[in-house]
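The values are calculated or read from the model by the stated rules, or taken from the named source; none is laboratory data. Model, not experiment: these values are computed from the prediction. Cβ placement follows ideal geometry from the backbone for every residue including glycine, while neighbour counts extend to all protein chains displayed. The protein model used for the area step is the full one, side chains on, heavy atoms only, and it has no ligands, DNA or RNA in it. Shrake-Rupley method; radii C 1.70, N 1.55, O 1.52, S 1.80 Å.
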Amino acid sequence: MSESTYGAQPGERCGDLNVLYDFEQALMKLPIPVTVQRAAYYMSNWDAMLKPASGGTLPAMFPEEFVLPMVAPADLGKAAARFLREPPEKTGIHYVEGPQRYSIGEVARAFSNVLGKPVKVAVIPREEWVGAYRKLGFSEAGARSYARMTGATLDGAAMPDHPVRGTTSLQTYIAGLVHGTHRVEMAYQTK
């Protein structure tokens, strides 16, 4: 069993998309049944936006109308547990996302509904992505790689026809975040 991402693809310097694709390929060569769970955009990626959203602004690298498959971490865990119980003939690549797809504007509205105040999307222009990642603590090479990954998502996000669907809505996830009923630690520390 391996965790991967929707946009996993061959290439270089495109963040997790290339690294996870290479890892998937290496696993598939093993003489054992392998299940790869390709996760949609983690709803927990929005956790770091709670503070700015509380101030009325949702910084985003995607346009307000951009629709993105998203999934809650709890739904990924449930799907992984299910896949681990499946017989070997059901191994392979499985896409997992939430109950529906959401636009970035819907993310802002979810924050707005839970916070009880207007939250507007503030789109970070593509030419400022590297700088935005640098401000988050990424190295120059890492920032460029993640900017390429963001561009690959924006320019051609994977949209599988029949994903495994979780049950946690974006509204439920954001409510849990705002009310402190769940917290997901960030994978990196800002300075």
Restricting to Cα pairs under 8 Å and 6 or more apart, the percent relative contact order of the chain works out to 28
Percent antiparallel among DSSP beta bridges confined to the chain, rounded to 5, stands at 15
In nanometres, the difference between 0.36 nm per residue of separation and the alpha-carbon distance of T167 and L27 is 47.5 nm
E12 neighbourhood, Cβ < 15 Å, K/R = +1, D/E = -1, net charge +1
Checking segment 84-123 for GluC sites (Glu not before Pro) in a loop per DSSP with at most 13 other beta-carbon atoms within 10 Å yields none
Measuring from the longest principal axis of the C-alpha atoms of the chain, the long axis of helix 73-85 (C-alpha) lies at a number of degrees, nearest 10, equal to 10
For Y146, Y102, the accessible-area ranking with a 1.4 Å probe, largest leading, is Y146, Y102
Charge dipole of the chain built from unit charges on the beta carbon (Lys, Arg +1; Asp, Glu -1), centred at mean Cα; most positive-end Cα among L50, A79, G142 is L50
Of the convex hull enclosing the alpha-carbon atoms of the chain, the direction-averaged projected area in nm² is 11.2
Output ordering of 37-46, 23-32 (per-residue mean of other Cβ within 10 Å, highest first) is 37-46, 23-32
